[in-house]
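Below: one structure, written as structure tokens.
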Amino acid sequence: MEKLKNNSVLSAAVIGLKLLLICAIIAGIVSFVYALTADIYAENIKQTKELSVGKIFTGKDETRLQYTEIGSSDGATVSAVYEGDVLLGYCVEIKTAGFGGEIELMIGYKADHSIYGVDVVSHTETPGLGSKSADEKYLKNNYSGKSGVLVAGTDVDMIAGASVTSGAVLDGVNRATAALENILNEGGVDGE
């Protein structure tokens with residue numbers, strides 16, 4: 001009986017060691033692939049953001065504009081956007097919680113702090129419903145040229161069947177506006 005018990009323990013230990021070895025090999029492969037692709041991933045993220053800034057400020061997917069981070073507040077990153085030496089305005093990157101997950105927004109502001117444009121950089125919202133909140137025409141009609149705290153139904157139309165998503169975008173824009181004001185007032189930047 002004792003021999004059978006020892007064999008069971010030994011058998012379980014061998015299986016455990018095999019599983020440990022398999023897990024170590026897989027972890028090594030995942031780490032190796034991550035190391036190979038980390039720089040490429042970071043460059044893709046940077047390029048996506050540059051294209052978003054270009055889309056907001058010029059209406060085209062281009063990367064000729066430069067932006068320099070000037071601060072962060074409440075989970076938002078505020079940057080000054082330049083074309084050469086000319087300040088075009090400010091850009092705020094922010095994430096907000098939608099119905100299907102996180103929504104990443106890029107909001108452009110003119111020097112007078114009115115909204116230049118809004119771009120949904122990424123989202124996981126329901127196609128055909130929540131994804132309508134990423135539509136360029138919807139964003140332009142509801143946000144461009146507006147300033148201050150925006151109110152659902154008054155300043156911004158909610159999308160029928162996607163009120164959670166359109167509300168999340170509105171919340172993100174309002175938080176971005178507050179972050180911009182906070183950073184500019186804190187840093188002594190006057191917007192000129």
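We did not get these values from a lab; they are worked out from the coordinates using the rules stated. Keep in mind that what you see is a predicted model, and the values were worked out from it rather than measured. No Cβ is skipped: glycine too gets one built from the backbone with ideal geometry, and neighbour counts run over all protein chains shown.
Data for the structure
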| read-out | value |
| --- | --- |
| So Y138, is it in contact with a helix residue (DSSP H, G or I) (Cβ under 9 Å, 6 or more places away or on another chain) and assigned to a strand (DSSP E or B) | no |
| Criterion: touching a residue at least 12 places away in the same chain (Cβ under 8 Å), in contact with a Leu (Cβ under 6 Å, 6 or more places away or on another chain) and not in a strand (DSSP E or B) - qualifying residue of G172, G167, G148 | G172 |
| Matching strands (runs of 3 or more DSSP E) fully within the range 68-111 where at least 2 residues are over 22 Å from D135 (Cβ atoms) | 76-83, 86-97 |
| Qualifying residue in the range 33-48 (condition: in contact (Cβ under 8 Å) with a residue 12 or more places away in the chain and under 18 Å from the mean Cα position of the chain (by Cα)) | yes |
| Residue in the range 64-86 that is free of Cβ contacts under 8 Å to residues at least 60 places away in the same chain, over 29 Å from M158 (Cβ atoms) and among the basic types (K, R) present | yes |
| Selection within the range 20-67 - of a type in the set (G, A, S) and in a helix (DSSP H, G or I) | A24, A27, G28, S31, A35, A38, A42, S52, G54 |
